[in-house]
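The values are calculated or read from the model by the stated rules, or taken from the named source; none is laboratory data. What you are looking at is a predicted structure, and each value in this text was computed from that prediction instead of being measured. Quick reminder, even Gly has a Cβ in these numbers, built from the backbone with ideal geometry, and neighbours come from all protein chains shown. These area figures cover heavy atoms from the full protein model, side chains too; ligands, DNA and RNA do not enter into them. Shrake-Rupley method; radii C 1.70, N 1.55, O 1.52, S 1.80 Å.
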Amino acid sequence: MDLKSYVTNIPDYPKPGIIFRDITTLISSPEAFKEACRQLIEATRDLKPDMIAAPEARGFLFAAPLALELQCGLVPIRKPNKLPRKVLSQTYDLEYGSDTLTMHEDAVQPGQRVLVLDDLLATGGTVLACRKLLEQAGAQVVGYGFVIELSSECKGRELLEKDGDAKVFSLIDY
């Protein structure tokens, strides 16, 4: 199945010159969504993660079925003021400013193997912030997985591969 054919390209969104890669058309097809999850599972099974960490919100969509199939826990990584207990925070830079992610401080245990999963890899800033949160809690990031990678437009993979020895993979490349 050609998963790329299920992604809708929206030109000039959110600003002129940007092509937004919309996965809502992929997840609205049960067959395409199931196939994307199947491919993610096959790409990550050998990593043997104890936990899957996903930044909100689209990362949650793919992380939940993977966690169930791989029989591991799920760690939601959220924007500030979304988690009810004590959190760890990580601020990171974006092209147009900065943002912050949070995670419950007890979401992972020291030494646990964690797969970071998101829908899209662009610059890599979001998932590097996730990695820093997980490492603050003592976990080991063993891989990064994405449905879409913007390799011709952004250099996120290079940043992730330079930052450690965790496996980096994606299903669709632009």
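Results, tabulated for the structure shown:
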| read-out | value |
| --- | --- |
| Verdict on residue 44 being under 30 Å from residue 110 (Cβ atoms), of a type in the set (S, T, N, Q), in a helix (DSSP H, G or I) and open to solvent by less than 70 Å² (accessible area, probe 1.4 Å) | yes |
| Residue ID - farthest from residue 139 (Cα to Cα), chosen from residues in region 95-121 that are at pLDDT below 95 and in a strand (DSSP E or B) | 97 |
| Yes/no for residue 132 being basic (Lys, Arg), at pLDDT below 95 and surrounded by fewer than 20 Cβ atoms within 10 Å (Cβ to Cβ) | no |
| Restricting region 8-41 to residues that are crowded, with 18+ Cβ neighbours inside 10 Å and touching an Asp or Glu at 6+ places or on another chain (Cβ under 8 Å), the residue that is farthest from residue 70 (Cα to Cα) | 23 |
| Pairs, first closer than 12 Å to residue 116 by Cβ in region 150-168, second of a type in the set (Phe, Trp, Tyr), C-beta under 7 Å, six or more apart | 160/144; 166/144; 168/144 |
| Qualifying residue in region 46-60 (condition: at pLDDT 95 or above, over 17 Å from the mean Cα position of the chain (by Cα), of a type in the set (Asp, Glu) and farther than 15 Å from residue 145 by Cα) | no |
| Test for residue 127: is it open to solvent by less than 10 Å² (accessible area, probe 1.4 Å) and in contact with a Phe, Trp or Tyr (Cβ under 6 Å, 6 or more places away or on another chain) | yes |
| Enumeration of residues in region 135-150 that are crowded, with 18+ Cβ neighbours inside 10 Å and acidic (Asp, Glu) | 149 |
| Residue 83, sole failed condition from (1) of a type outside the set (S, T, N, Q); (2) crowded, with 20+ Cβ neighbours inside 10 Å; (3) part of a loop (DSSP other than H, G, I, E, B) | (2) |
| Condition broken by residue 92, with the remaining ones in (1) open to solvent by less than 30 Å² (accessible area, probe 1.4 Å); (2) over 20 Å from residue 44 (Cα atoms); (3) touching a Phe, Trp or Tyr at 6+ places or on another chain (Cβ under 9 Å); (4) at pLDDT below 95 satisfied | (3) |
| Qualifying residue in region 71-82 (condition: over 26 Å from residue 26 (Cα atoms) and either modelled with pLDDT under 95 or out of contact with any Asp or Glu (no Cβ under 8 Å at 6 or more places or on another chain) (or both)) | yes |
| Residue list for region 104-135, restricted to those being free of Cβ contacts under 8 Å to residues at least 40 places away in the same chain and closer than 18 Å to residue 171 by Cα | 122, 123, 124 |
